[in-house]
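Each reported figure results from applying straightforward, stated rules to the coordinates on display, with no laboratory input. All figures in this text were calculated on a predicted structure; none of them were measured in a lab. Neighbour counts run over all protein chains shown; Cβ positions are idealised from the backbone, glycine included.
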Amino acid sequence: MRIGDFKETYAADEAVFRTPTVRFWLWALAAALLVFPLLAGEYLIYMANITAVAVVGAVGLNLLTGCTGLISLGHAGFMGVGAYTSAILITKFGVPFILTLPISGLAAALCGVIVGAPSLRMKGLYLCIATLAAQVILEFTFVHWESLTHGIRGLNVPAPTLFGLSLASGPAFYYVIMIVAAISVTASRNLFRTRVGRAFIAIRDRDISAQLMGINLFQYKLYAFALSSFFAGMAGCLMVNLLKVVTPEQYPLHLSIQYLAMIIVGGLGSILGSILGAIFMTIVPELLRSALGLFQGLDPQIMSYLFPLQTVIFGALIVGFLVFEPHGLAEMWRRAKAYFRLWPFEY
Amino acid sequence: MEDHILAVNNIEVVYNHVVLVLKGMSLKVPRGAVVALLGSNGAGKTTTLKAISGFLPLENGEITDGGVDFDGQPLKGLAPHQIVRAGVFQVLEGRRVFEDLTVEENLACGAYTRRDKGGVASDLDKCFAYFPPLKKRLKNLAGYLSGGEQQMLAISRALLARPKLMLLDEPSLGLAPLLVEEIFGIIGQINRQEGTTILLVEQNAQMALSVSSYGYIMENGRVVMDGPVERLLADQDVQEFYLGLGSGGGRKSYHEVKHYKRRKRWLS
Amino acid sequence: EKIVVGAGQPITGRFAFAGKHINDGLADSLALANEKGGIAGKKIEYIFEDTGYDTNRAVASFKKLMAQHKPVIMYGESTGVGKAMAPEINNTYKVLYGSTSFSEELADRKANPYMIVSGPTYAQQFGILLKYIAANPKKKGVAPKVAFFYSDTEFGRDPIPHAREMAKKLGVEVVAEEVTQVGAVDVTSQLLDMKRKAPDYCIFQGYVVAPIADVIKGARDYGMDTTFMGTFWTMDKQLLDALGPDGEGYMGVNPYAYWWDEDVPEIKAIRDFNKRNHPEITYRPNSYMQGWFTGMIFVKAMRMCAEKKLPITGENLKNMVPQIKDWDTNGLTGKVSIKDTNSTNVGRVYKADVKKGIFVPASDWIYLD
Amino acid sequence: MDILPQLIVSGLATGGVYALIALGFVLIYKATHIINFATGEFMMIGAYFCYTFMALAGVPVLPAFLLVMVCAAILGFMVERVILRHMLGQPVISIIMVTIGLSSILMGLAEIIWTSQFKNLPPMFPRAPLNLGVAVVRSNLAYGFIISMAAVGAFALIFKYAKAGVAMRATAGDQMAAFSMGINVKSMFSLAWALGGIAAALGGVIIGAIGGISPTLGAVGLKIFPVVILGGLDSIGGAVLGGLIIGVLENLAGGYLDPFFGGGVKEVAPFVFMVLVLLLKPYGLFGKEEIERL
Amino acid sequence: MSAPILAVENLTLAFGGLNVLTDVSFAVQPGQIFAIIGPNGAGKTSILNCIGGFYRPRQGRVLFDGQDISRVAPDKRAALGLARTFQNIALFRGMTVLDNIKLGRHAHLRTGLLPALAYWGPAQREELELRREVEETIIDFLEIEHIRNQPVASLAYGLQKRVELARALAMRPKVLLMDEPVAGMNLEETEDMARFILDIKEERDITIVMIEHDMHMIMDISDHVVVMNFGQKIADGTPGEVQHHPEVIKAYLGEKQQR
Ligand SMILES: Nc1ncnc2c1ncn2[C@@H]1O[C@H](COP(=O)(O)OP(=O)(O)OP(=O)(O)O)[C@@H](O)[C@H]1O
Ligand SMILES: Nc1ncnc2c1ncn2[C@@H]1O[C@H](COP(=O)(O)OP(=O)(O)OP(=O)(O)O)[C@@H](O)[C@H]1O
Ligand SMILES: [Mg+2]
Ligand SMILES: [Mg+2]
């Protein structure tokens, strides 16, 4: 139990992880992530992989939507741009996987900037629907720019290698993904300790007065779009190299919506929320499915009526969450922590 | 016994189940009178009005003790729109006009509960007589009106509802001196001509007391002082802390304000 | 001891209309094999999960089933999943893999030796139809004109490049290609374009019901006399119900016999099985037959292994597939010989009998070479 | 035959149906400022109601339509009561997400109740196409258009002349102030959702009559976004005009551009057009500019 | 007379058919407390909006420190040294008091996007320096230490106004534009605010342009007053002068104010 902690310097007060306890848990988490693939099987590693990719994507979307207040329905499209960039560079130009990672990010960022350019004039829902248009147009492009994307059949990529080492196995690629995820999280955490992050939040809260405070709205909205789609592009690149195939149908509007759900269920504008949301949205459907697997013995006839229940339960979970805990998992986590910190002196 | 149209009896109000804001607040408003409710920022004046008009549940507040009687009937359990229909109309703090409706539509909302078309039309003419600028801007969006024009609109809406009791929350907020004078003049006029009872919450104590017959002073969730206006005006503390008069009786200058000055807290 | 067959089925989501029946068919077919004593005394255990027609989930489900149950055969939902799993199936898992997809790519034995398509691929289905068209021109001596009408999806576009080539080879002229979204509301622009080009035949691909019924009715309204044709998914009873009297003349290719073909021995077996195990069932659609037939192929491969006294492993099963020759499927399909692709390249052209609301054969089994 | 008039006429007919669905969306937006991403699913459920009454219970067309409207109103009402009322005052995006969750629930329920099999509505309109001389309009579209326009007209009248119209808009603007006017805010919300539900359900029935119904019918709902954005989110007239424009535009793109791009243009054209319009007019053709003051 | 630090020349502004400002000119001398008064809707806030760049006047110029800034973007004007508080509080409600104040310094900080992501070297040093300065020169001055880590949304009205002032001070302004700083405040809070304004002028050499309806305060602390009515300037002079200007009395003050 801690009574309170007093800081002697401003530097200590500005630190991200302010107490030894927090730092201890962080190291423990890092160690756990490190040994995880040695203990887990293929399936769990795969789940960890797609969850971590989702974390990268969700952190990106939260920068734009949660922190800067620009709702985007085009996130999956930007992920697709990243995925295709990586696949094309690898298959047509033989670029090593690791180099395609930043390039995919940049390609997606470029698209993000183009989509974001009108954001100075378009506001709120109008902008949101414009990003929906971007999603539709990007999907169309993936299908119809056949010379580059192979149309609807998509592109297959070989197993990625790093400095001659094969990353084909789940565990090897797992470390790559985890490192990217860790960097993404740290970088966006840093962002909010500086003027750039503050400017994002100011724009979300009240963009016109932000401008009168000296923030160049156009520049910062573009920054937000660029950064967010940069993360999306990297997530797409990781995804294509994980699945080793990219097709237009992998990046539909539905996926954009899923990412939105992640950051909302997790907590808008919270980095911890992005992480929790990504975990929730990836793991929960899987758990629901496993739960239904318990009925495996039943007649397939009856089971097939049970399955749509997943869709209902999943929808109900999202709705229930927002009705009962509108600030998301991050807020629940904060309250739980506060409770334990004061324990046993709760009042 | 005097005829009271409104009686607030010893109410306690809690926000979010934790913050106790009113701690045994009571007041009475005689039928046909103008009563002023004064008090420093955060004393709970607005909360008192909301407790009367039934808005507390909208802000996660509730009356945990005591009750409000209007016209002899308890208001407990009525939804806000039913309280309006019963004849209590609140002009909200900060005007709260419907920004993306036109002035005309805003006025129509004021008359929403009324069925008599003719009566509304003649009341509308009265509003234009009280507030000529409104007539010119009937088709404009209310959001583009200046602060004073919005306040006029807010009071006009109340007039059009023809309530028995009008609750006014800081009508002078942000208004030019001349307009403040006018508005208070009109408040007095409405009270006299239409016979509307008015409960007035104000920061501008001087003005408020000039139109009222009785006053309450709130501090920290309860009434610390009340009485007929003449008595309040004569009180030393009221003079210093609400009317800004120096010890000599004249107004003191802001240049003379000390960095460390005496801060008044009524002991209660 | 048991032989495990695993499946990730699209029981919910966009493909649920078929996924549910495919799952039933596959489960029943394997159950019947068990009733008959299983494979060399071993029972088959069928374990399935719902994948919701979502690649990420399907891959997860695949890995989970492999880790938990070590199946020798897997069944999966879409072409996309097949492609995503291909490298790992080839290198790591080495299981025989069937799927709902009739995609050409998955039937390519060189690239995907473990994968099998349980019917002719879409391209082959187009081949069968084009062959029929070439043999039945509307006007004697004039090259027949066809239109392709397909959805802007993987499913819709899959056979088109092949179909174009095949048409050229067979002397059939492709005069129009119309593309729509799956649930398109208004197809007037496509209809008008077709009207201008006046094809003798029009082949649908990549739809289930919408907008086919609407196109056919519209063609009647605009006074066109094109004969409309479909491939596997559009050859079910529900389309005839949607068309009503406008269904007159509709035809298409189906690799399997129908539920109402009671004189076909395998259909009789299917109906018997259902009467015993699911007495409430009155009809089983096309996709059930697909699932059932997939089960038959799996059992066939397992039996072949058993006959050769080989252990039943994915590796061995995959080697059996190309050896299937002149396999009599009891009339459910024509005689099956697996040739250069891992698919069955036989189907039949059926046409609508509007009065009875069923499809009746318009040709014998047509084999491609 | 010249296809241009034909494309325009059938585009207008389809556009009328889009307008009706968009109206369901706009009604809810106007009164509650909620973006209903479940509009498509309301359509889908509406179509299934119709199927249930007509195909399963054998109710004739007109009573069936009435029943559908009643059921749709109840559905809208319930959704508002049970779910959205709790979301008052939450950020837009959370509310958007709730409607997305809602769409998932409705879709799952439809699969459970009516299964994922395709269903067909019994024929409800005379089969013969309407011949306008320059163009032939197919019967489903023609009657769909007529029903849509009638419904749109009725809603517009309700909004324009009934006090409820102004009250609904007031409610959307500032709930507490609306209460203070004596407006029963909660019943305004219920009313808006019930009306929105009816409009969407009617649209769903028309679309279901054209192409058959399945739980994924709601995907058409996506089309309403270009429509309402063009028209401006809160304008009834805008929704109608937006619907007609998008209907025609789609058909022209389909007729003249599809052959060059290998198909699919018909589907993206509305979105491309919408973006172009937004670049010139950031609030759509008829949308009101948001009031921004300091 | 020295050169004006801020001047507007012939400002004209209209929305649709509505003339909001007509040919307004005035000049503010360095070190003044300069008041703009006038009836509601006279166009006072609109003048500040034109000076700050939120409105583009139809005609006329804004001169700041001798430079014509009419074509300069609002954010650049802020960087030049124009700070502002708002009539209806415009704090960033999702941020703490401290972050709101730090945000004021935005235009004077240098950290770019990439250094921000790394939070390394200069980026970190800049933030720590900012924190120290904000604490020592602003938070301390305005006596808001106790609330520095609270989210602004939960603060009482008077404190929010004070945080807004703090944020404006963090912008290192040469001229501070204040729109109704004491509206809605009680006497005590008004006295505090008056004291702060005088201190800012006297100790920090910041010129203040202020809109206010509280006549006592205007008369007591301002050096120069401009009176607006219907978008036009109707008087310009010392408080004493305008107080007795007949047009001002008629349009704005009313008879009672004249004692
Ligand atoms: N919705 C709410 N939730 C929690 N606390 C509230 C809420 N509304 C008001 N309060 C608190 O209740 C107290 C009284 O507020 P109230 O608005 O009634 O004061 P007031 O006398 O009207 O002040 P002012 O002069 O500033 O208008 C304040 O401390 C305020 O912070
Ligand atoms: N963006 C705008 N669009 C249309 N009209 C506007 C706009 N901004 C201001 N106005 C109008 O210009 C006039 C002047 O407004 P302004 O806000 O400058 O007044 P003000 O002098 O600050 O009044 P107050 O003392 O009430 O704040 C008002 O009539 C207002 O309706
Ligand atoms: Mg108050
Ligand atoms: Mg103003």
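Please order C:D340, C:D263 by the number of other Cβ within 10 Å, starting at the fewest. Don't skip to the end; give the middle numbers.
Numbers: C:D340 12, C:D263 9.
Result, fewest neighbours first: C:D263, C:D340.
Could you check what % of the DSSP bridge pairs in the protein assembly as shown are antiparallel, to the nearest 5? Mind showing how you got there, number by number?
Values: 68 of 139 bridges.
Bridges in the protein assembly as shown are about 50 percent antiparallel.
Taking the simple approach of a point 7 Å from Cα along Cα-to-Cβ for both D:L257 and A:F163, what is their distance in nm?
Between D:L257 and A:F163, the label points sit 5.0 nm apart.
In the stretch C:1-96, what % of DSSP beta bridges are antiparallel (nearest 5)? Don't jump to the answer; show the numbers that get you there.
On the way: 1 of 13 bridges.
Here the share of antiparallel DSSP bridges comes out near 10 percent.
Ordered by residue, what ³J(HN,Hα) values in Hz, to whole numbers, does the stretch C:158-167 give under the Karplus form 6.51 cos²θ - 1.76 cosθ + 1.60, where θ = phi - 60° and Gly and Pro are x?
Rounded to whole hertz, the list is 3, x, 4, x, 5, 4, 4, 4, 4, 4.
Just going by the charge dipole of the protein assembly as shown, with Lys and Arg at +1 and Asp and Glu at -1 on Cβ, which of D:L252, A:G328, A:A11 is farthest out on the positive end?
Farthest towards the positive end: D:L252.
Could you calculate the FRET efficiency of C:K355 with E:R58 from 1/(1 + (r/R0)^6), where r is the beta carbon distance between them and R0 is 60 Å, rounded to 0.05? Walk me through the numbers before you get to the answer.
Working: r = 78 Å, r/R0 = 1.30.
Computed FRET efficiency for C:K355 and E:R58 comes out at 0.15.
For a 29 Å ceiling on Cα separation, which of these pairs sit above it: B:K76/B:K126; B:K135/D:K163; C:K20/C:K83? Walk me through the intermediate numbers first.
On the way: B:K76/B:K126 34 Å; B:K135/D:K163 21 Å; C:K20/C:K83 22 Å.
Those over the limit are B:K76/B:K126.
Which longest uninterrupted range of chain C lacks any GluC sites (Glu not before Pro) assigned by DSSP to a loop state (not H, G, I, E or B) and surrounded by at most 12 other Cβ atoms within 10 Å? Can you show the working numbers first?
On the way: sites that count: C:E1, C:E262, C:E280.
In chain C, the maximal stretch lacking such sites is C:2-261.
Below 8 Å between Cα atoms, with a sequence gap of 6+, how large is the relative contact order for the stretch E:92-170 in percent?
Relative contact order, the stretch E:92-170: 58 percent.
Output wanted: per-residue J couplings in Hz (rounded whole) for the stretch E:227-240, from phi through Karplus 6.51 cos²θ - 1.76 cosθ + 1.60, θ = phi - 60°, x for Gly and Pro.
Running phi through 6.51 cos²θ - 1.76 cosθ + 1.60 with θ = phi - 60° gives 10, 10, 8, 6, x, 10, 7, 10, 7, 7, x, 6, x, x Hz.
Using a simple spin-label model with points 7 Å from Cα along the Cα→Cβ vector, what separation in nm is obtained for E:N88 and D:I113?
4.3
Cα centroid distance between the stretch B:177-213 and the stretch C:58-122, in Å?
83
How high is the relative contact order of the stretch B:169-243, in percent, with contacts defined as C-alpha pairs under 8 Å that are six or more residues apart? Before the final figure, lay out each step's value.
Numbers: 60 pairs, mean separation 17.7, N = 75.
That works out to 24 percent.
I want to verify a result. In a Gaussian network model of chain D, Cα cutoff 10 Å, which of these has the top mean-square fluctuation: D:M97, D:M78, D:M176?
Looking only at D:M97, D:M78, D:M176, the largest GNM fluctuation is found for D:M176.
Restricting to DSSP H runs of at least four residues, report the calculated mean residue ellipticity at 222 nm for chain C, -39500 (n - 2.57) per run over all residues, nearest 500 deg cm²/dmol. Please list the in-between numbers first.
On the way: 13 runs with 147 residues, N = 369.
Computed ellipticity for chain C at 222 nm equals -12000 deg cm²/dmol.
To the nearest 20 debye, what charge dipole does chain E have about its Cα centre, counting +1 at the Cβ of each Lys and Arg and -1 at the Cβ of each Asp and Glu? Don't skip to the end; give the middle numbers.
Numbers: 28 positive and 34 negative charges, 211 e Å.
Here chain E has a charge dipole of around 1020 debye.
Could you list, in their original order, any pairs among C:K139/C:K197; C:K300/C:K335; C:K64/C:K318; C:K64/C:K308; B:K252/E:K161; C:K131/C:K351 whose Cα atoms are separated by more than 19 Å? Could the numbers behind the result be given before it?
Values: C:K139/C:K197 16 Å; C:K300/C:K335 13 Å; C:K64/C:K318 22 Å; C:K64/C:K308 31 Å; B:K252/E:K161 24 Å; C:K131/C:K351 15 Å.
Flagged as over cut-off: C:K64/C:K318; C:K64/C:K308; B:K252/E:K161.
On a C-alpha basis, how far is the centre of the stretch B:120-141 from the centre of the stretch C:301-338 in Å? Whole number, if you could?
Each part's Cα centre sits 90 Å from the other's.
To the nearest 20 debye, what charge dipole does the stretch B:99-161 have about its Cα centre, counting +1 at the Cβ of each Lys and Arg and -1 at the Cβ of each Asp and Glu? Display every interim value, and only then the final one.
On the way: 9 positive and 8 negative charges, 38 e Å.
Dipole about the Cα centre, nearest 20: 180 debye.
Give me the dipole magnitude in Debye, nearest 20, for the protein assembly as shown about the Cα centre, with unit charges on the beta carbon: positive for Lys and Arg, negative for Asp and Glu. Present the calculation step by step, with values, prior to reporting the outcome.
Working: 141 positive and 135 negative charges, 413 e Å.
So the dipole magnitude of the protein assembly as shown works out to roughly 1980 debye.
Report, in deg cm²/dmol and to the nearest 500, the calculated mean residue ellipticity at 222 nm for chain A, where each DSSP H run with n ≥ 4 adds -39500 (n - 2.57) and the sum is divided by the residue count. If you can, show how the numbers build up before the last one.
Details: 16 runs with 251 residues, N = 347.
Computed ellipticity for chain A at 222 nm equals -24000 deg cm²/dmol.
Report, by chain and number, residues whose modeled amide H sits under 5 Å from the one on B:R222, excluding near sequence neighbours (fewer than 5 apart, same chain).
Correct list: B:K23.
For the residue pair C:W365 and B:L138, what label-to-label distance in nm results when each label sits 7 Å from Cα along the Cα-to-beta-carbon direction?
It works out to 8.6 nm between the two label points.
Going toward the positive end of the dipole of chain A, with +1 on Lys and Arg Cβ and -1 on Asp and Glu Cβ, which of A:L306, A:N156, A:I279 do you reach last?
A:I279
Roughly how many Å is it from the Cα centre of the stretch D:226-294 to that of the stretch D:35-87, as a whole number?
Between the Cα centre of the stretch D:226-294 and that of the stretch D:35-87, the gap is 27 Å.
May I ask for the longest run of chain C untouched by trypsin sites (Lys or Arg not before Pro) that are loop-located per DSSP and have at most 14 neighbouring C-beta atoms (other than their own) within 10 Å? Let's see the in-between values first.
On the way: sites that count: C:K36, C:K110, C:K138, C:K139, C:K140, C:K308, C:K309, C:K325, C:K335, C:K355, C:K356.
Maximal segment without exposed cleavage sites: C:141-307.
In a Gaussian network model over chain A where Cα atoms closer than 10 Å are linked, find which of A:A87, A:A107, A:A187 has the largest mean-square fluctuation.
Judging by the Gaussian network model, the answer is A:A187.
Given springs between every Cα pair under 10 Å in a Gaussian network model of chain A, which of A:L39, A:L138, A:L222 has the largest fluctuation?
Maximum among the listed residues: A:L39.
Which of the trypsin sites (Lys or Arg not before Pro) found in the stretch B:108-146 are loop residues per DSSP with 16 or fewer other Cβ atoms within 10 Å of their Cβ? Show your work: numbers first, answer last.
On the way: sites: B:R114, B:R115, B:K117, B:K126, B:K135, B:K136, B:R137, B:K139; in loops: B:R114, B:R115, B:R137, B:K139.
Passing both the DSSP loop test and the Cβ count: B:R114, B:R115, B:K139.
Inside 10 Å of the C-beta atoms of C:1-14, what's the mean count of C-beta atoms belonging to other chains?
Working: counts 0, 0, 0, 0, 0, 0, 0, 1, 3, 2, 11, 12, 10, 6.
So the per-residue partner count for this stretch is 3.
How do E:209-215, E:30-36 rank on mean C-beta neighbours within 10 Å, highest first? Present the calculation step by step, with values, prior to reporting the outcome.
Values: E:209-215: 22.7, E:30-36: 21.0.
Per-residue mean Cβ counts within 10 Å order the peptides as E:209-215, E:30-36.
May I ask you to list the GluC sites (Glu not before Pro) in the stretch E:113-163 that are in a DSSP loop and have at most 14 other Cβ atoms within 10 Å of their Cβ?
Values: sites: E:E126, E:E127, E:E129, E:E133, E:E135, E:E136, E:E143, E:E145; in loops: E:E143.
Hits after loop and neighbour filter: E:E143.
Enter the angle in degrees (range 0 to 90, nearest 10) between the Cα long axis of helix C:286-307 and the first principal axis of the Cα atoms of chain C, meaning the one along which they spread out most.
Compared with the principal axis, the helix lies near 40 degrees.
For chain D, what is the relative contact order in percent, using Cα pairs closer than 8 Å and at least 6 residues apart in sequence?
Working: 473 pairs, mean separation 109.2, N = 294.
After rounding, I find 37 percent.
Quick one: Karplus J couplings for the stretch A:172-187, per residue in order, coefficients 6.51, -1.76, 1.60, θ = phi - 60°, nearest Hz, x for Gly and Pro?
After applying 6.51 cos²θ - 1.76 cosθ + 1.60, I find 5, 5, 3, 5, 4, 4, 5, 5, 4, 4, 4, 5, 4, 5, 4, 4 Hz.
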